[in-house]
Amino acid sequence: MRRIVLTFVLLPLAFLSTAADLHVWVDGDGTTHVTDDPESIPGAADALILGDPRLDQVWAGGFSGVPLLPESGSTSSELDRQVRALRTAVADLERGETLRAAAALRQVLLEDPTRPEAHFYLGLLEDRRGNWDEAEVHWKEFLTVEAGRFAPWRRSAVRRLTQFDAERGLADPAQHGDLELVEVAHPAFHVEVDRALLDAGGAAFAQTVVRYLGDVRDLVDSDLGATEGKLGVVLYGRANYARAHAHRFSFQTVGFFDGRVHVVSGAYPAGELRTLLVHEVTHAVFRERTGGDRPYWLNEGLAEWMERRSQARPVLSRSERSRLRTAIDSGRWITLERLAPSFSGLDDEEARLAYAISTAAADWIDRHTTARQRAVLLTRLGEGASSDDALFEATGRSTAAIDAALRTEIRAQFAGPRGGPVAGPVAASR
Ligand SMILES: [Zn+2]
């Protein structure tokens, strides 16, 4: 399943490119452009579209600043400091450090409430969280203060503002009666869609969903191997999802897999829906290969790992690594053995930690085993071996041994609870 909290952590590369249907691209001369219509890009095959990992190389340090950061012609040190703060915030967004970025952007606005870039990014952040009222405030403020300097962003903000009423309607339980599912044709999936989504998002909604599912199929097939049969996928508006499924979980979710993939969508879905589908389809593949959902940490870890790969994001953000280290030091670490049968009984904070531990463990396995060993692992699970036996046969280590190795590695990555990451094994002696 996918917890709602984690959807806040989005790579802005993916998120900017789609949140407002905005495409940033770099032409052959290295000049940056923005368009909301990728079809209009001349020589699109050669252009680097936002979301393409190569952009990072072109802009050496990411897209921060090039289009959205201010021309800092002023020599005022106050202004310089703001520009630096904005650049840091955008870099944090790129790494998935969303909360830190939001705090920095708010600080910039405390000092200068008319800073258009800070309003734009906060609008995006709030939009992705489903906080449309807050997003509306920031984008309206952006439109007031941008003074014609950010025309492409202006168009995107204006368009997205017109969509908020539809999004609010989908989230309002009072506006919906019985759930009605409508079939949408797809070559690789059996797709059913909440009629409320089709009513709100129109033909463009179905087209976007069909396109994302095609992407997801290609991505998952290439990383995990082709699957057989047509997987069922059901998409819901927020209110209808909550009414149908909220009772199943002790924490808020936006999707789960029970033989079919069930996910929440907005009326105008963006990168977050694609990411969510990658996550849930990975669960489906896990079940197809192993015949079940356990060990749960491997299942969830693999889904998170795939999701981050699909966004070209680091496997663990710096704050997640820090949280893991703190959990070890404070004795709140949750062992892989505890997480193997299920995540049930965890509170919201524990669930967040459990996802980070699972993702780190899946990444550990990816880095310490061969493709053949991983195939053996899934096959043995599918043959009915216990999690521990399958792990030992495939990797030579028990669940407890992998847990211990993972904790040792995390400790070695930090010089101290508040220290930065240390390159190399220097800190391993702590
Ligand atoms: Zn999941």
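The values are calculated or read from the model by the stated rules, or taken from the named source; none is laboratory data. On a predicted model such as this, the values are computed, not experimentally measured, just so you know. Cβ sites come from the backbone with ideal geometry, for glycine too, and all protein chains shown count toward neighbours.
Quick look at the numbers
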{"read-out": "Filter result for residue 161 (at pLDDT 90 or above and of a type outside the set (Phe, Trp, Tyr))", "value": "yes"}
{"read-out": "Total residues in the range 319-364, condition assigned to a helix (DSSP H, G or I) and either under 20 Å from residue 250 (Cα atoms) or not hydroxyl-bearing (Ser, Thr, Tyr) (or both)", "value": "28"}
{"read-out": "Conditions (1) within 22 Å of the chain's Cα centre (by Cα); (2) in a helix (DSSP H, G or I); number of the one not met by residue 96", "value": "(2)"}
{"read-out": "Given (1) more than 10 Å from the ligand (Cβ to nearest atom); (2) assigned by TED's automatic domain parsing to the domain that holds residue 231; (3) part of a helix (DSSP H, G or I), number of the condition residue 266 does not satisfy", "value": "(3)"}
{"read-out": "Pairs where the first residue, in the range 212-239, is among the acidic types (Asp, Glu) and the second is in a helix (DSSP H, G or I), C-beta under 8 Å, 6+ apart", "value": "215/274; 223/306; 223/309; 228/288"}
{"read-out": "Filter result (at pLDDT 90 or above, among the aliphatic types (A, V, I, L, M) and surrounded by 20 or more Cβ atoms within 10 Å (Cβ to Cβ)) within the range 235-272", "value": "235, 239, 261, 263, 264, 267"}
{"read-out": "Any hit, the range 343-351, residues being within 12 Å of the ligand (Cβ to nearest atom), in the same structural domain as residue 404 (by TED's automatic domain parsing) and more than 30 Å from residue 228 (Cα to Cα)", "value": "yes"}
{"read-out": "Any hit, the range 276-297, residues being more than 15 Å from the ligand (Cβ to nearest atom), part of a helix (DSSP H, G or I) and of a type in the set (A, V, I, L, M, F, W, C)", "value": "no"}
